[in-house]
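Just so it is clear, none of the values below were taken in a lab; they were calculated from the coordinates. If you're wondering where the values come from, they're calculated on a predicted model, not measured in any experiment. Here the Cβ positions follow ideal geometry from the backbone for every residue, glycine too, while neighbour counts run over all protein chains shown.
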Amino acid sequence: MYKIEKENLEALFRKIAESQDLILPIKKAGQTNFGLWNEGEEADLETLKTVKSGKDAFFPQSETLYTCVRDGKKLTVEPEELRSRPFVVFGMKACDVKGVAVLDKVFLADPVDTFYAARRDHGTIVALACHEPEESCFCKVFGTDAADPEADADVKGIADVAAWMVEGSLYWKALTEKGEALTEAVKELLIPADDDQVKVDAEKEAIRAIVEKLPYTHLSLEGWDGNATDEKFNSPVWETLYKPCLACGTCTFVCPTCQCYDIKDYDTGHGVKRYRCWDSCMYSDFTMMAHGNNRTSQMQRFRQRFMHKLVYFPANNDGMYSCVGCGRCVEKCPSSLNIVKVIKAFEKHGGEK
């Protein structure tokens, strides 16, 4: 294990950025989001949660797939080059790291998404423990440990470096071969800190103590699993629960695990670009086809979102839920509808059929 003083972090960022792209939480206009770090950017490792997760680094909000160029009667298709430049995503919390594990289940399953796979191959994740989890957090419900990104069996090998901010120092522990390589690249700035393990262990215990006191930590998932399709799908609870939903899609755009996208063509005036962009199952035109849409009401779309997180995904992925308990939907939904409210509503009605 190594450490680096907080005041030297900019030198660390500069060193990493010499040889690869560095993506980390950057504060702009009062908002903190993951972005490409350049000299002069205001890095913000103090904010617990970025508005969106670091998901964009591996699954961008919009990306070109290929371009069609017309020259007279000749039509040329030019595929977009796959990611080949290495990059580091620095400061992902344990919940967002688990979000990558969920995305891996989707995009690395056959048929493999080559765009996503190239980014995963060339990306290194530095996970940062949550110094002080907030009331909206409920990561423990889904097996995530805010104090240690390698403690969850579902995320083994996802984070390449684990880091903790303790008493003005960033403690650094390589977890994978990628993590070892990054450590070697910045080693001149790091100080050996094996003797400080007791400080890191104390930080972990302090974080876990906070988590235990949070209001949603002991939320029960009883009755939610891959075998609950009929019981939950046919419940009348949905009919009253969905009504405040505005279908704005905010919950899907801040979610670290939502993976729905649309593919569209754009006429540039001298050719056509085919691109994909994030989409939301909460929209009335989601998966719209010539014959219409198979989910014709907002209740059906609302139900689909939460059934996927809590039933369909675990049914197809060895019991793994596709919610990580980050709490972003709890904070951002303008109607105060979120997965916590859904789980509590069914608990209150005893999973009424």
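Compute the relative contact order of the chain as a whole-number percentage, counting only Cα pairs closer than 8 Å that sit 6 or more residues apart in sequence.
Values: 633 pairs, mean separation 71.8, N = 353.
The normalised contact order for the chain reaches 20 percent.
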Selection from P192, C255, T296, by position along the positive dipole direction of the range 189-326 (Cβ): T296
Local net charge near K98, Cβ-Cβ under 10 Å (Lys/Arg +1, Asp/Glu -1): -3
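Could you work out the percent of alpha carbon pairs in the range 170-275 separated by over 22 Å, rounded to a whole number?
Details: 3974 of 5565 pairs.
Result: 71 percent of Cα pairs exceed 22 Å.
Can you give the alpha-carbon Rg of the chain over 2.2 N^0.38 Å, where N counts its residues? Show your work: numbers first, answer last.
Numbers: Rg = 21.6 Å, N = 353, 2.2 N^0.38 = 20.4 Å.
Compactness ratio reported: 1.06.
Give me the percent relative contact order of the range 39-160, please, defined on Cα pairs under 8 angstrom at least 6 residues apart.
On the way: 146 pairs, mean separation 33.1, N = 122.
Value for the range 39-160: 27 percent.
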Taking all pairs of distinct alpha-carbon atoms in the range 55-169, Kirkwood radius in angstrom: 16.2
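Can you tell me the order of 182-190, 340-348, 147-155, 268-276 when each peptide is scored by its average per-residue count of other Cβ atoms within 10 angstrom, highest first? Don't skip to the end; give the middle numbers.
On the way: 182-190: 15.8, 340-348: 18.1, 147-155: 20.2, 268-276: 13.8.
Packing order, densest peptide first, comes out as 147-155, 340-348, 182-190, 268-276.
Over the range 104-245, calculate the relative contact order: mean separation of alpha carbon pairs under 8 Å at least 6 apart, over the residue count, as a percent.
Working: 143 pairs, mean separation 36.0, N = 142.
Answer for the range 104-245 is 25 percent.
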Tally of Lys pairs whose C-alpha atoms are under 15 Å apart, taken over the range 93-199, 8 or more apart or cross-chain: 11
